[in-house]
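Peer 1: Got a structure for you, questions after.
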Amino acid sequence: MLPPHRTGSRFVVHFLSLIFGGSLRVSGSFDAVATDLAVAAHARPPIWRNSTILKWSIQVVVLFVVLGVIWFLADQARSNLSARGIPVGYGWLDDPANIQLGEGIQTVDSPERRLTMSRALWVGMVNTLRIAVVGIIFSTVIGVLVGVARLSQNWIARKVAAMYVESLRNIPVLVQIILWLAILGSLSSLTLDSGPIPGWLYVSQKGISLPRVFLADGFYQFMALMGFFGVGIWLLRRRLRRRQDLLGGNQRVGLRLSAVTVVALTVAWFVNPVMAFMGPIMRGIETAWGSVPEQAVQILVAVAAITGAGWWIRGFLLSHRSPAGMTKLIDDDYFKMVFAGLVAALMVLVITVIWPGMASWMINSGSDFWGLLGDKFGDGRGARPLDAMRPTLTEGRFVNFGPSGLTMTVFYASLFFGLVFYTSAFIAEIVRGGILAVPKGQSEAAAALGLSRAQTLRKVVLPQAFRVVMPPLGNQYLNITKNTSLGIAVGFSDIVQVGQTVYNKNAQTLAVFSIYMLFFLGCSLVISSIVNFINRKLAIVER
Amino acid sequence: MSIADRALTSEMASRPDMIQCRGVKKWFGDFQALCGVDLTVKEREVMVVLGPSGSGKSTLIRCINRLEVHQEGQIVVDGVELTNDLRNIEKIRSEVGMVFQLFNLFPHLSVLDNVTLAPIWVRKQPKAQAEIRAMELLERVGIPEQAAKFPGQLSGGQQQRVAIARSLAMNPKIMLFDEPTSALDPEMISEVLDVMKALAADGMTMIVVTHEMGFAREVADRLVFMEAGDVVEVGTPETFFTNPTEERTKLFLSQIL
């Protein structure tokens, strides 16, 4: 293995010779490695024929062109808006909203809790996420069931599933959403004694109201306690697994674990106030965090960025070492290492020059976070982690997020049903395709070994089908998230509808659209990174 | 003497029957794949089935562990008749090992997990014990050092040997081989055939569908020639290759030898 200082000098010389297209001559004063490289560098192709140099320089040029075009457009928009007297920027986010929101975590403006523009947009985002997350869960469950049913040996199940898929995926989703609104709107009006189960479950043209389970005072203490118990349960699980491996037969691992978990949950439910001591600890962290000087954070971030880049480059070089020594790095590799260094430099530049306020922002939000956690832990507050409440009528209607149960408005419900049924039809087809993609020989081999049908499915077919299913399933999750914007057709207060109301009021169309784009981009990136992570975990080793 | 018992030496005739087929018929839609096959396989016998493609060789052995369902006739494996009774089917399948032309290893499991899957889940063996047994079997087929790898990382010959070890892990009484070397590169055929020869020498009851005439001549106790869903000729290797009685057998041998 080469000592680091030699690697470093070799790296610098090589990179310089790369840039100067092999014209660089190194005098004899360098060490032997460098001279060797200079000889090798002499044989390089001229710069205009070096494919690596061309590839990277074209990328740099394209990057600058794209940035230039964006800057030009932004500048045009800025001057045009100024000419029309519309302020540029995001200052309006703190203005009072004066918007009537249909539903969400906050619908009215009150002196204690102002409904600003940013708050209104946040309410819209939460509404969108409510539909997207719950929709993803439900469409997956329904889709998997229907997909498996389409391959069932039961003739009726097969035909019913086929009809479900063919009818739902061939009608535009917007039509389905509006149809659901029409169906729900034709239900009877809401009274105290209406609903399938009066006092518990109401279904009416106002929506669907059911008891709400919510997090009560003891929740965070309960979760912290369960965290400790979880470690114990995990250790027990490991022990039981090992026992199963050693003894064989059926050691009832699942049954024993569930029993222990139930006991742990019960204990934690009643004794959770013991965890209240964590509140003061977190307040302490809040104070400590808040008293960190800005310069210290700046230095810390800068050091972290540089160290990070250094570690990355070191790991990169190490991964290119064979037992015999350094493998030859290709030109791409040198550019990659320089790029890592540039990213670190940019970070340093951002924290010190471009956005010096970032340090104080990190200090404030960090200490706010710990303060919030400290508040949640309280000082030995109420013992119950969860509480439930039945829907109650106030002024002839249900408040959908108040102390009055949980209400799915007809707008939410129609968008939800429309999206879930539509998407589940596609997911069913994906699941069916995934199962059919597993070669028949696999289940034959499993059957020939004596595995039962259920074992074959669980141990052989599904693990392989899941691998095929995952990427298109991720696409459907992205679709359902983006399709929530169709809520505008039924007046559901999702981010798009709220945003539209906002820019109709203050003409900040571009700013609102930039928020839309960032929001949906963020959602999509989260979903696809989860899917990619699972994909990597499931990848079959080929070579 | 019925065709099923033809060409048996008196010593072999005295052994118990492992597999009995009586008038087995099988249709795929309108196409009749098996037209009343009669066949008896004795304990510790190696039977090689020959015939042109489409003659029903594979269908026959797939019927024996009920990967295909025969429609008429009777198949009795180790004293248990194959019917729709699920318990019988699972019992027979765990006693009859099968090796496929395309290996059909489980690509998502390591070699070791491929071999231990059935012992752990069907026989409910402890994992540690199943793994010790699996390593013995991998040693027997000559690739213990590949245990941690995945099937995709092995050559065709190695994969087929893993497949043999996987079947042997269930301690089967009978092994069925469905053209085990047809998908292999020529230089890998012998490593698989060597494993099969060693298995035969250990006294395993085997039915082998193959085109490897050298193997058939060397290892088989009896040869069966099938054509168009019928057993045409049954004979010992000597008489079969040097002095076949049927015209169709002669024609087949003249084409392949």
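The values are calculated or read from the model by the stated rules, or taken from the named source; none is laboratory data. From a predicted model like this one, the values you see are computed outputs, not experimental measurements. We place every Cβ from the backbone using ideal geometry, glycine too, and count neighbours over all the protein chains shown. Side chains are part of the model used for accessible areas, which takes the heavy atoms of the whole protein and leaves out ligands, DNA and RNA. Shrake-Rupley method; radii C 1.70, N 1.55, O 1.52, S 1.80 Å.
Peer 1: Can you name the residue in the range B:113-129 that is closer than 15 Å to B:Pro172 by Cβ and more than 7 Å from chain A (Cβ to nearest Cβ) and, of all such residues, is most open to solvent (accessible area, probe 1.4 Å)?
Peer 2: In this case the residue turns out to be B:Arg123.
Peer 1: If you don't mind, another one. Check the range B:220-236 and report whether any residue there is among the charged types (D, E, K, R), farther than 30 Å from B:Trp27 by Cα and touching a helix residue (DSSP H, G or I) at 6+ places or on another chain (Cβ under 9 Å).
Peer 2: No, the conditions are met nowhere in the range B:220-236.
Peer 1: Of everything in the range B:61-107, what is open to solvent by less than 40 Å² (accessible area, probe 1.4 Å) and in a loop (DSSP other than H, G, I, E, B)? Give them in sequence order.
Peer 2: B:Asn65, B:Arg66, B:Leu67, B:Glu68, B:His70, B:Leu82, B:Phe100, B:Phe103, B:Asn104, B:Leu105, B:Phe106, B:Pro107
Peer 1: Here's another thing I want to ask about it. Answer yes or no: is there a residue in the range B:40-48 that is more than 22 Å from B:Glu179 (Cα to Cα) and open to solvent by 10 Å² or more (accessible area, probe 1.4 Å). Explain how you work it out, then say what you get.
Peer 2: Let us first name the residues in the range B:40-48 that are more than 22 Å from B:Glu179 (Cα to Cα), namely none.
No.
Peer 1: Name, by its number, the condition in (1) away from chain B (no Cβ under 14 Å); (2) within 30 Å of B:Ala118 (Cα to Cα); (3) free of Cβ contacts under 8 Å to residues at least 60 places away in the same chain that does not hold for A:Ile430.
Peer 2: (3)
Peer 1: Which of the residues belonging to the range B:130-161 are acidic (Asp, Glu) and within 12 Å of another protein chain (Cβ to nearest Cβ)?
Peer 2: The one that is acidic (Asp, Glu) and within 12 Å of another protein chain (Cβ to nearest Cβ): B:Glu131.
Peer 1: While we're looking at this one, here's another question. Looking at A:Phe417, A:Phe426 in this structure, which one is under 30 Å from A:Gln106 (Cα atoms) and either open to solvent by 10 Å² or more (accessible area, probe 1.4 Å) or within 23 Å of the chain's Cα centre (by Cα) (or both)? Spell out how you get there, then give the answer.
Peer 2: On the way: A:Phe426 fails: under 30 Å from A:Gln106 (Cα atoms).
Just a single option satisfies the conditions, and that option is A:Phe417.
Peer 1: Check B:Ala183, B:Ala198, B:Ala216 and return the single one that is assigned to a helix (DSSP H, G or I), over 17 Å from B:Ala165 (Cβ atoms) and in contact with a helix residue (DSSP H, G or I) (Cβ under 9 Å, 6 or more places away or on another chain).
Peer 2: When all the criteria are applied, what remains is B:Ala216.
Peer 1: Tell me which of these A:Val133 doesn't satisfy, since it passes every other one: (1) without any contact (Cβ under 8 Å) to a residue 40 or more places away in the chain; (2) more than 21 Å from A:Gln508 (Cβ to Cβ); (3) part of a loop (DSSP other than H, G, I, E, B).
Peer 2: Single failed check for A:Val133: (3).
Peer 1: In the range A:453-483, which residues are crowded, with 17+ Cβ neighbours inside 10 Å, of a type outside the set (A, V, I, L, M, F, W, C) and under 19 Å from A:Ser152 (Cα atoms)?
Peer 2: Passing the criteria: A:Gln455, A:Thr456, A:Lys459, A:Pro463, A:Gln464.
Peer 1: Just to check your reading of the model, which residue among A:Val526, A:Val496, A:Val502 is open to solvent by less than 20 Å² (accessible area, probe 1.4 Å) and at negative phi?
Peer 2: Only one candidate passes the filter, namely A:Val502.
Peer 1: Here is a further query. Take the conditions more than 14 Å from chain B (Cβ to nearest Cβ), at pLDDT 90 or above and open to solvent by 40 Å² or more (accessible area, probe 1.4 Å) and apply them to A:Phe270. Does it pass?
Peer 2: no
Peer 1: Among the candidates A:Arg150, A:Arg78, A:Arg113, which residue alone is open to solvent by less than 50 Å² (accessible area, probe 1.4 Å) and basic (Lys, Arg)?
Peer 2: Unique residue meeting the criteria: A:Arg150.
Peer 1: Right, next: If you check B:Leu168 against the conditions, is it open to solvent by less than 40 Å² (accessible area, probe 1.4 Å) and at the interface with another protein chain (Cβ under 9 Å from one of its Cβ atoms)? It would help to see each step written out before you state the result.
Peer 2: Details: open to solvent by less than 40 Å² (accessible area, probe 1.4 Å): yes; at the interface with another protein chain (Cβ under 9 Å from one of its Cβ atoms): no.
The answer is no for B:Leu168.
Peer 1: Let me ask another. Kindly establish whether B:Val37 is out of contact with any Asp or Glu (no Cβ under 6 Å at 6 or more places or on another chain), under 16 Å from B:Phe177 (Cα atoms), in a strand (DSSP E or B) and open to solvent by less than 20 Å² (accessible area, probe 1.4 Å).
Peer 2: no
Peer 1: Right, next: Quick one: is B:Arg161 closer than 15 Å to B:Ser110 by Cα and open to solvent by less than 10 Å² (accessible area, probe 1.4 Å)?
Peer 2: Judged against the criteria, B:Arg161 is not a match.
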